[in-house]
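Peer 1: Got a structure for you, written out below as C-alpha cells; questions coming shortly.
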2 protein chains.
Amino acid sequence: MNKIITIGREFGSGGRQLGKLLAETLGYAYYDEEIIEAIAKRSELAEDYVRQVVENRIMTYSPITVANTLTASPGDSIYAINRSIFTAQTEILEEMAQKSDCVIVGRCADYILEEYKPFRLFVYADMETKMARCRAKGEDDAANDKELEKKIRAVEKARAQYYRFYTGRDLSDRLSYDLGVNTTGREIADVAAAVAALIRAMQ
Amino acid sequence: MNKIITIGREFGSGGRQLGKLLAETLGYAYYDEEIIEAIAKRSELAEDYVRQVVENRIMTYSPITVANTLTASPGDSIYAINRSIFTAQTEILEEMAQKSDCVIVGRCADYILEEYKPFRLFVYADMETKMARCRAKGEDDAANDKELEKKIRAVEKARAQYYRFYTGRDLSDRLSYDLGVNTTGREIADVAAAVAALIRAMQ
C-alpha cells in the first residue's frame, strides 16, 4: 500500500509549504491545486465554483452560474451539485492514493483515505505568526491587522464547517490527527526537515 | 543553554514511558518521581502529601496531617502550604534545567522553564487506548470499564485544573505545546524513536 500523508492546517500556519517540502524531501507526489482542476474536469463544473465549494463554503451560488455544461442542469439543487463535487473528489483522491506515495493538503483526505491509514498531520500557529505569514505571501495587502485576523478566522471557520459537514468530525479534535505541529516562530523548512525525519523513523 | 524537553500527557497515553525512552535515546537526564522527593525534602512536607498536591489536587487535606516537621506549622493555610510547594518545585526544576539536558514529565515544567525555551510535547490517545494501557500497567485491576474511564477523566480534569491554577493557561490548548503526539494504536517505543529523530533533526 502506498504511503499517504494528509495535512490539515490553519490559514497562514505554513501547512501547504510544509506539505510541498515534505513531498520533495521524501520523494512523494504532492497534490493540492491539481485536485480542484481534476474535480472541475470530472464534474464539468466551473473551476472557480469548485474552488469555492472545496475551499470555503458548503451551499452558496445560484445553480445557473455554476455549470460549464448542462451535465449539472439548472434544475439540480445546490446540495446535489455539492454532493457530486464531493463524490468526484473522493474518486480522484483514491486514484491519487493508488498511484504512488503522496502528500495531500486539505480536502478531507484524512477521512476519505482512512482505509489507506494515512499519516495525518495538523499544522497550526499562533495568530501573530499566521498574520505575518499571510502578509509575507501578499494576502490582503490592503487589510489592516484587524481585518486580516477576521479573514483568517473566517477561512478557518469555513474549513471546519466543511470538514464537519462531510466527515461528521471536528477538525480541531486532536484525535483526528496523528501529529500536531506548532510552527509558531519557526522556519517552515526546519519544521519540514524535522517532520520528514520523524516520518522516516516511523516507516 | 541545556536542551529541555517537557512532556504534558493524558492519563494512560504513554507519555511517561515516551519521556523515559526519549531521555535514554538522546542521552538526557529524566526527571519525574525525583521531583516529588526533592520537593518533600526541601519543603519538609510529607512525600505523600506533596504527591497529592503536585499530581492531583490544589487545596485539600488538613494542615495537621501535612507537615513532617514544624516548618509548616498547623496555623499555615493550605493555600500557603501549596504555594510553598510550588515555589520549591520551581527552584528544583530550575536547578535540574541548569544541570544538564533533561526530559521533565508534568509539573508545569513547560511554563516554569519557559525562558529555557523547552521543546514542549503533549502526548495523548483515544479513551480505548488509554484504558488498555492502564489495564496493562495494573491500574485499578478491580475497576470495570466505566469506573476506569471515570478515573482517567478525573485525573485529567485534576491535572488541567492544577495547570490552569498555576499557569493561567489551558492544558488542552495546542498553542501551549510544540508537538502533539497521538499514541492511539501505536507502540510507545516506535513513537519514541520517531520523536527522537524529529528532535535530533531540529537541533
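Peer 1: Working only with C-alpha atoms, what are the Rg and Dmax values of region A:1-49, expressed in angstrom?
Peer 2: 13.1, 35
Peer 1: Mind putting a number on the dipole of the protein assembly as shown about its Cα centre? Charges go on the C-beta only, +1 for Lys and Arg and -1 for Asp and Glu, and I need it in Debye to the nearest 20.
Peer 2: 300
Peer 1: With θ set to phi - 60° and the Karplus curve 6.51 cos²θ - 1.76 cosθ + 1.60, what are the ³J(HN,Hα) couplings of region A:107-122 in order, to the nearest whole Hz, using x for Gly and Pro?
Peer 2: Rounded to whole hertz, the list is 6, 6, 4, 4, 7, 5, 9, 3, 6, 8, 6, x, 8, 9, 9, 10.
Peer 1: Sequence neighbours fewer than 8 away in the same chain don't count; with that in mind, list the lysines whose C-alpha is under 19 Å from B:Lys117.
Peer 2: By straight Cα distance, B:Lys117 reaches B:Lys3, B:Lys99.
Peer 1: Between the label point of B:Asn144 and that of the same position in each other copy, find the distances and list them shortest first in nm, with every label point placed 7 Å from Cα along the Cα-to-C-beta direction.
Peer 2: 6.1
Peer 1: Mind checking which aspartates and glutamates have their C-alpha under 12 Å from A:Lys146, skipping anything on the same chain fewer than 8 residues away?
Peer 2: Answer for A:Lys146, where 12 Å is the Cα cut-off: A:Glu128, listed by chain and number.
Peer 1: From the P(r) of region A:159-203, can you give the percent of Cα pairs sitting at distances over 15 Å? If you can, show how the numbers build up before the last one.
Peer 2: Details: 575 of 990 pairs.
I get 58 percent for the Cα pairs in region A:159-203 exceeding 15 Å.
Peer 1: Before anything else, pin down the relative contact order of chain B: Cα pairs under 8 Å, at least 6 apart, normalised by residue count, whole percent.
Peer 2: Values: 284 pairs, mean separation 71.8, N = 203.
Relative contact order, chain B: 35 percent.
Peer 1: In Å, the Kirkwood hydrodynamic radius of the protein assembly as shown over pairs of distinct alpha carbons?
Peer 2: This gives a value of 23.5 Å.
Peer 1: Name the residue farthest towards the positive end of the dipole of the protein assembly as shown from the options B:Asn82, B:Ala192, B:Gly8, assuming +1 on Cβ of Lys and Arg, -1 on Cβ of Asp and Glu, about the Cα centre.
Peer 2: The residue sitting farthest along the positive end of the dipole is B:Asn82.
Peer 1: Still on this model: As a test of understanding, state the convex hull volume per residue of region B:90-203 from its alpha carbons, in Å³.
Peer 2: Normalising the Cα hull of region B:90-203 by residue number yields 129 Å³.
Peer 1: Then there is this: Measuring nothing but label to label, 7 Å from Cα along Cα→Cβ, what are B:Asp170's distances to the other copies in nm, shortest first?
Peer 2: Result for B:Asp170, in nm, nearest copy first: 1.0.
Peer 1: Among all helices in chain B defined by DSSP H, which have a length of 27 Å or more along the axis from Cα atoms plus a Kyte-Doolittle mean of at least -1.0?
Peer 2: B:78-99
Peer 1: Any idea what diffusion coefficient region A:121-188 gets from Stokes-Einstein, in µm²/s, Kirkwood Rh on alpha carbon pairs, 25 °C, 0.890 mPa s?
Peer 2: 185
Peer 1: Anyone know which of B:Glu114, B:Glu147, B:Glu44 comes out most mobile in the 10 Å Cα GNM of chain B?
Peer 2: Taking springs between Cα atoms under 10 Å, the residue moving most is B:Glu147.
Peer 1: 7 Å along Cα→Cβ for the label point: how many nanometres lie between A:Gly185 and each equivalent label in the other copies, listed shortest first?
Peer 2: Computed spacing set for this position: 3.5 nm.
Peer 1: How large is the dipole of chain B about the Cα centre if only Lys and Arg carry +1 and Asp and Glu carry -1, each at its Cβ, rounded to the nearest 20 debye?
Peer 2: With Lys and Arg at +1 and Asp and Glu at -1, about 340 debye.
Peer 1: Then there's this: Which three lengths, in whole Å and largest first, does chain A cover when its Cα atoms are put on their principal axes?
Peer 2: 51, 47, 27
Peer 1: When the helices in chain A are scored as -39500 (n - 2.57) per DSSP H run of 4 or longer and the sum is shared across all residues, what 222 nm value do you end up with, to the nearest 500 deg cm²/dmol?
Peer 2: That calculation yields -16500 deg cm²/dmol at 222 nm.
Read-outs: derived from the displayed coordinates by stated rules, not from any lab. Bear in mind the structure is a predicted one, so any value in this text is a computation, not a measurement. Note: ideal-geometry Cβ built from the backbone for every residue, glycine included; neighbour counts use all protein chains shown.
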